[in-house]
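Working notes for the structure below.
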Amino acid sequence: MTKFNKEYQVKEVAKMTGISQEKVSAVYNALVEVLSAGLKEGKVVLSKFGTFEKAARAERTCRNPQNGTVMTVPAHNAVKFRPVEALKKLVNE
């Protein structure tokens with residue numbers, strides 16, 4: 001299985017489009033910045049892929065599995081992803 005990291009993605013997009021890896025890498029970095037800023041605001045929609053949303057998680061208690069002590073996990077935000085139907089079908093083929 002191929003590592004699907006930034007380096008691999010940049011090489012593949014450069015091959016598919018004929019654009020240099022340096023330019024693709026710059027676009028990749030800019031896209032990550034734009035998506036991150038959108039998530040900070042609350043929601044990012046990538047058509048034909050899915051929706052990323054900021055989801056608030058309430059404070060909760062849990063147990064440390066190593067020693068059994070009860071801990072409190074503070075309230076925080078998490079990222080929730082909902083794929084489009086076509087992506088769900090593709091993954092489940």
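In the set A55, A30, which member is open to solvent by less than 60 Å² (accessible area, probe 1.4 Å), more than 22 Å from A86 (Cβ to Cβ), assigned to a strand (DSSP E or B) and not hydroxyl-bearing (S, T, Y)?
A55
Residue check, F4 against (1) aromatic (F, W, Y); (2) over 24 Å from K88 (Cβ atoms); (3) modelled with pLDDT under 95, all met but one. Which one?
Tallying (1) aromatic (F, W, Y); (2) over 24 Å from K88 (Cβ atoms); (3) modelled with pLDDT under 95, F4 fails exactly one: (2).
For the range 16-27, enumerate the residues that are of a type in the set (S, T, Y) and either surrounded by fewer than 14 Cβ atoms within 10 Å (Cβ to Cβ) or free of Cβ contacts under 8 Å to residues at least 12 places away in the same chain (or both). Steps first, please.
Taking the range 16-27 first, the residues of a type in the set (S, T, Y) are 17, 20, 25.
The answer is T17, S20.
Can you pull out every residue in the range 33-52 that is without any contact (Cβ under 8 Å) to a residue 24 or more places away in the chain and either within 14 Å of the chain's Cα centre (by Cα) or surrounded by 10 or more Cβ atoms within 10 Å (Cβ to Cβ) (or both)?
E33, V34, L35, S36, A37, G38, K40, G42, K43, V44, V45, L46
Can you tell me which residue in the range 71-93 is farthest from E41 (Cα to Cα), limited to those that are open to solvent by less than 100 Å² (accessible area, probe 1.4 Å) and either more than 23 Å from the chain's Cα centre (by Cα) or acidic (D, E) (or both)?
Once the filter is applied, the top-ranked residue is M71.
The values are calculated or read from the model by the stated rules, or taken from the named source; none is laboratory data. As the structure is a computational prediction, the values presented were derived from the model and not from experiment. Because the Cβ atoms are built from the backbone with ideal geometry, glycine has one as well, and the counts that use them run over all protein chains shown. What goes into the accessible areas is simple: the full protein's heavy atoms, side chains included, and nothing from ligands, DNA or RNA. Shrake-Rupley method; radii C 1.70, N 1.55, O 1.52, S 1.80 Å.
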